[in-house]
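Have a look at the structure below before the remarks.
We did not get these values from a lab; they are worked out from the coordinates using the rules stated. Remember, predicted model here, so these are calculated numbers, not experimental data. We place every Cβ from the backbone using ideal geometry, glycine too, and count neighbours over all the protein chains shown.
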Protein chains: 2
Amino acid sequence: MEGSAPRRTRIQQEKRELILEAALEVFSANGFRGSTIDQIAEAAGMSKPNLLYYFRRKEDIHETLMQRLLDTWLAPLRELDDIGDPMTELRSYIRRKLEMARDFPRESRLFANEILQGAPRIMPMLEGELKTLVDEKAAVIKGWMRAGKIARTDPWHLIFSIWATTQHYADFDVQVRAVLGPDRGGDGRFEDAARFLEQLFLDGLKPKG
Amino acid sequence: MEGSAPRRTRIQQEKRELILEAALEVFSANGFRGSTIDQIAEAAGMSKPNLLYYFRRKEDIHETLMQRLLDTWLAPLRELDDIGDPMTELRSYIRRKLEMARDFPRESRLFANEILQGAPRIMPMLEGELKTLVDEKAAVIKGWMRAGKIARTDPWHLIFSIWATTQHYADFDVQVRAVLGPDRGGDGRFEDAARFLEQLFLDGLKPKG
DNA sequence: CAAAATTTTGACCGGTTGGACAAACGTTAG
DNA sequence: CTAACGTTTGTCCAACCGGTCAAAATTTTG
């Protein structure tokens, strides 16, 4: 059984947090195989055997990190609700997602790394929890389309495009900065992105005239 | 100097191609640090020392692969031209990019891997060649906006959004398939994506009424 | 305080990895 | 044919990496 309460010490709680924070930094920058236990241990300010006292295997750290990530990662989509104006709902979903890319870029990159490598460790979750949630929200969006509140399109691809455009600013951050240059690549780029995305998803590119 | 003609044998040319093809497969699936010379050698059907006869270091393979990639990768944007109807130009740029995601997913993932890890090996190219090209095309797009041919927005973020939405179907392929399920995740998903993206970039989501 | 439980560390281990090297093998040109 | 050159392979190495272990140091508990 074993599954209930891990019964942890104060020190264990603190140190495990410290390790997970360090591991997020290292894993998100180097991927799973590209990261070493030594790197994580050093980033957490402890020795390798000491780290391995709290997490017996490297994979355990990654797994714990992933489990925590997914809850916070899907939160914005969970909030997408049937109440309120559809267009406003979608706009604030886009804004929330963009804020997550701005405030939690490491989490975004950790997730991107995992998916890029074929999602070997979270595939069941993608086909289960994630698919269920997306199908559910796609149904909500379809309702809006039937009611004539938003244009008719494919709700699944709409969700993909929101994910892609917002996460791009976290996952491809270095490229965005390189292209925009030191001036426009500065702090304001997220506001620019928000303005652009709002217009794109609202009106597209066709001229108003 | 040394920079001019490498003067290669027929066998050298063939084997180097073989190695690069194998390396693309391995690197794109596992990232640079996650891939081993042995894996690449086996995929190329030769022994490790034999591979190292053609490329002295693991990094040399990666570098060669990257240099080749960038030319083909930026080709669609280079084609974006001032002649012809702006809206049509943009639409066919999006289609070309989506076709690249469909036909060259390994190249897309190789690139994504490199950027995700902070672009340690191609940063100069991003700040040089890439930025120059994007700035140039952004100017073209700005011209279209001034002429009232397309709606006024930020051309740079427009380009980012096209990159993000199209490459998403290569880089996050497993997630897209998992969410769409075996039926809708099949061969037709690229046509669905094309239709959706066309509408998004053309008209946005606001209802027609 | 003292015993028990927890935490930390240094030393170590087996497997893997990138790469070196010389010898063997194959090819080609005179 | 044969010498020169190009190609392939087996063997080896040093560094690295994930993980173990027993002993030392520290904290908690009675």
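Rg/Rh, computed from the Cα trace of the stretch B:75-185 with Rh as the Kirkwood radius, has the value 1.01.
Principal-axis analysis of the Cα atoms of chain A puts helix A:10-30 at an angle of about 60° to the longest axis. Mean partner shielding of peptide A:126-139, defined as the number of other chain Cβ atoms within 10 Å of each residue Cβ, is 2. Here is how far apart the residue A:131 label points are across copies: 4.4 nm, shortest first, using a point 7 Å from Cα toward Cβ.
Normalised by 2.2 N^0.38 Å, where N is the number of residues, the C-alpha radius of gyration of the stretch A:52-119 stands at 1.41.
Relative to the other identical copies, residue B:185 shows label-point distances of 3.6 nm, where the label point lies 7 Å from Cα along the Cβ direction and values run shortest first.
Spacing of the modelled spin labels on residue B:202 and residue B:96, each 7 Å from Cα toward Cβ, amounts to 2.0 nm. For chain A, lysine pairs separated by 8 or more sequence positions, or belonging to different chains, with Cα-Cα distances below 19 Å total 7. Where q = 0.06, 0.08, 0.12 Å⁻¹, what log10 of I(q)/I(0) comes from the Debye formula for the protein assembly as shown, counting one point per Cα? Cα-only, vacuum Debye calculation for the protein assembly as shown: -0.27, -0.49, -1.06. Projected label points at residue B:106 and residue B:47, each 7 Å from Cα along the beta carbon direction, are separated by 2.5 nanometres. Within chain B, the ratio Rg/Rh, alpha carbon atoms throughout and Rh by Kirkwood, equals 1.03.
Structure remark: mean-square fluctuation, Gaussian network model of chain A, C-alpha springs under 10 Å; the largest value among A:182, A:155, A:49 belongs to A:182. If a spin label sat at a point 7 angstrom from the Cα of residue B:136 along the line to its beta carbon, the backbone N atoms of the stretch B:52-74 nearer than 15 Å would be those of B:71-74. Once each of the trypsin sites (Lys or Arg not before Pro) sitting in a DSSP loop with at most 10 other beta-carbon atoms within 10 Å is removed, chain A keeps A:58-207 as its longest stretch. Helical runs assigned H by DSSP (4 residues or longer) give the protein assembly as shown a calculated mean residue ellipticity at 222 nm of -23000 deg cm²/dmol, each run adding -39500 (n - 2.57) before division by the residue total.
Equivalent-ellipsoid semi-axes (√(5λ), Cα gyration tensor) for the stretch A:1-82, whole Å, largest first? Write out the running numbers ahead of the final one.
Values: eigenvalues 124, 65, 25 Å².
The answer is 25, 18, 11 Å, longest axis first.
Mean sequence separation of contacting Cα pairs (under 8 Å, at least six apart), scaled by the length of chain B, corresponds to a relative contact order of 21 percent.
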